[in-house]
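S.K.: This is the structure, below, for whatever I ask next.
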Amino acid sequence: MDYKKYNDYELIYMIRENDDTSKSILFKKYYPILVSIANEYYHKYKHFAYDYDDFLQEAYIAFFNSLVSFNENKNVLLYSYIVLCVRRKMMTFCKKISKGCKIFSYDDYDEINDIIDTRSNVYSHITDFESLKKLKNIILNLSFNDSAIVELRINGFSYKEISLLLEIPISTIEYKFRNFRQRYKKIFTDFII
C-alpha cells in the first residue's frame, strides 16, 4: 500500500470522527513497528511463560491508545509518539509479569539472542557480545530520529519504507545512515549493512 498519499494527521482527525477505514490504514502502516517491538520484549521475557500473542496484544493496545491520546499541537511526529507509547506499555507489562524486576535497561541482556530481532540478519554478522552491546548503546545515544532510521534500516526496512514511516525524504535517510555507517565503521569491522 502506498502510504505516501495519506497524511497521518488527517487520518488521526478522521479516526476521531469514528472512521474505521482510517484506523485500519494507520494500523497497517505501523504494524511492522508493533511486531518489531513485541519481538524485542518477547525474546527478553519469554521465560516468564507468556505467549508472543500476549506481547503483541499489549503493543496493539498501546498503539490504539496512542491514536486517541496523540496531540498534534505538541509538535511531535506521530511515529515517535507511537513508538514511545508502545515501548512504555511493554516495559510496564514486562515489569508486571516479572513481579518487581528492577529498572529495565538494555544492559540487562544475558545472551546475544535476547538482543537479536528475529527479522534482522545484520546483527548476526557481529559474533562478539561486547561489540553488539556497544552497537546498541551507540544507537541509544543517537537523536531519536537518527536512532529510528538506524534501527529500521538494521531491521531490514528499505529506505523507501523508512521514508514513508518517518515522513522524512529518502535522501535525508540515505545521508544520515551513510554517515552513521562511516562514523562507526572502524569500531565494527565486521558490521556490514
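S.K.: Using 0.36 nm per residue, how much length does the chain from GLN182 to ILE97 gain when fully extended, once their Cα-Cα distance is taken away?
M.R.: Working: separation 85, 0.36 × 85 = 30.60 nm, distance 4.05 nm.
The GLN182-ILE97 span can extend by a further 26.5 nm.
S.K.: Let me ask something else about it. If each residue's Cβ is checked for other Cβ atoms within 10 Å, how do LEU166, LEU140 rank with the fewest at the top?
M.R.: Working: LEU166 19, LEU140 11.
Ordered by Cβ neighbours within 10 Å, fewest first: LEU140, LEU166.
S.K.: Can you run phi through the Karplus equation (6.51, -1.76, 1.60; θ = phi - 60°) for the stretch 142-150 and list ³J(HN,Hα) in whole Hz, with x for Gly and Pro?
M.R.: Running phi through 6.51 cos²θ - 1.76 cosθ + 1.60 with θ = phi - 60° gives 6, 5, 4, 4, 5, 5, 5, 4, 5 Hz.
Computed from the coordinates by the stated procedures, all read-outs in this text should not be read as laboratory data. Quick caveat, the model's predicted, so the values are computed rather than measured. In this analysis, Cβ positions are derived from the backbone assuming ideal geometry, glycine residues included, and neighbour counts consider all displayed protein chains.
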